[in-house]
Each structure stands twice: as C-alpha cells, then as structure tokens.
Amino acid sequence: METEKTTTPKLRPFAVMDQQVAHRLAMEGFELINAVPSNKYAAEAHFIFTFNGTAAFKKRFNIIREEVESETARIASEKEKEAEEIERIKAENAELKAKISEVFCEKSAENTQKNAENIQINAEKTQKNAENMQENEENSQITIKNSDVDEILDKLAELQATGNCILSNIAAANFYTSFHNQNRGRNKN
C-alpha cells in the first residue's frame, strides 16, 4: 500500500488594517484567515484583517490599496475644495450683509427726513382744516338764520308721521299674514 501524503499549503499571514481594502479583497475571494478588533491601532483601524499572503494576493493588495488611497485622496481634495468654497461664500455673504446694512441705514435716514417733512405738512393741513371747519360752522349758522326753520321742522314732522304710518301698516300686514298662517296650520291637523 502506498501512503498518500496530504500537503496543506503553508499559510502566510498578512495583516490588513484598512477596512475598505480588506472588504474588496474578501469580495474578490481571497482567503480571510482572521479578523480581530484593534486596540493597539484603534485610531487607524477598528479591526485587523488577516489574509493568506500568497503572491497573487500581495499583487492584488497593492493595486487595491493604491486605488483606495487615490480615492481617499480625491475625496479629501474635494472636501478641501468644498471647505474653501464655503469660506468664499461666507466672505461674500459678510460683504453683502455689510452693503445691505449700509443701504438700509441710508434708506432709514431718508425715511426719517421724509417723515419729519410729512409731520410738518400734516401740521399745516391740520391748521388749515381747523380754519375751514370754523368757517363752515360760521356758514352753517348764517344758513340756519337765513332759512325758515319752522318750515323745515314742519316738513320733518310730516315725513316722520308718514314713516310711522307706513311702519304701522307693515306691522299690521305681517301680523295678519302670521295669524292666518297659524290658523291654516291648526285646521290641517
């Protein structure tokens, strides 16, 4: 009988601290031997991933690491540009606020001056209105004295009597209609 020798390939542990690189390597099918939480390198990585470090693995590791690092650098550059753009916009906003404040102050001063002028004009108009009212009062007194007051009062009394008569007739008609409507309702029952 021949004895069969089973040879297990020798493991070459290779530690990877970058989670993105480790994830991509695992997704490509490279053998993950172990993953342990990182206490020593906690600021850099939460886990240390251990792979079997074959030649093919090391070659692919270098390519993936470069891709991830360039992507990380690109993102950092974009964030830096965005931060610069935000600072530029903040500076523009501060400049615009200063201009708006300046214009607001100018307009406020103009409005204050116009309000003062309007107050003076209104005071003059009020004085003229008072003079006109006094003149109208005098004219009314003269008109009343010149007209036949008794004749006007008689005409007013006559109109009031006619109005009272009309109102009485309307009230009587309403009472009559209401009374007959109630009687019709009783007769139907």
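The values are calculated or read from the model by the stated rules, or taken from the named source; none is laboratory data. Values in this document were obtained by computation on a predicted structure and should not be read as measured data. Cβ coordinates were reconstructed from backbone atoms using ideal geometry, including for glycine residues, and neighbour counts include every protein chain displayed. Protein only, heavy atoms only, side chains kept; ligands, DNA and RNA dropped before computing areas. Shrake-Rupley method; radii C 1.70, N 1.55, O 1.52, S 1.80 Å.
Key figures
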item	result
Test: residue in the stretch 72-93 that is out of contact with any Ser or Thr (no Cβ under 8 Å at 6 or more places or on another chain), more than 30 Å from Val21 (Cα to Cα), of a type in the set (D, E, K, R) and modelled with pLDDT under 85	no
Some residue of the stretch 84-93 being open to solvent by less than 90 Å² (accessible area, probe 1.4 Å), assigned to a helix (DSSP H, G or I) and among the acidic types (Asp, Glu)	yes
Residue within the stretch 143-151 that is surrounded by 10 or more Cβ atoms within 10 Å (Cβ to Cβ), at pLDDT below 80, of a type outside the set (S, T, N, Q) and over 60 Å from the mean Cα position of the chain (by Cα) present	yes
Residue ID - nearest to the chain's Cα centre (by Cα), chosen from residues in the stretch 40-73 that are in a strand (DSSP E or B) and of a type in the set (S, T, N, Q)	Thr50
Top-ranked residue of the stretch 161-180 - restricted to ones that are of a type in the set (Ser, Thr, Tyr) and open to solvent by less than 100 Å² (accessible area, probe 1.4 Å), ranked as modelled with the highest pLDDT	Thr162
Of all residues making up the stretch 17-56, the number that are touching an Asp or Glu at 6+ places or on another chain (Cβ under 8 Å) and among the aromatic types (Phe, Trp, Tyr)	1
Positions within the stretch 25-39 being outside any loop (DSSP other than H, G, I, E, B), farther than 16 Å from Gly53 by Cβ and not aliphatic (A, V, I, L, M), in sequence order	Pro37
Sole residue being at pLDDT 85 or above, among the acidic types (Asp, Glu) and either loosely packed, with under 10 Cβ neighbours inside 10 Å or part of a helix (DSSP H, G or I) (or both), chosen from Glu137, Glu158	Glu158
Scope the stretch 44-67; condition of a type in the set (Gly, Ala, Ser) and open to solvent by 80 Å² or more (accessible area, probe 1.4 Å); matching residues	Ala55
Condition broken by Val36, with the remaining ones in (1) loosely packed, with under 14 Cβ neighbours inside 10 Å; (2) modelled with pLDDT of 90 or more satisfied	(2)
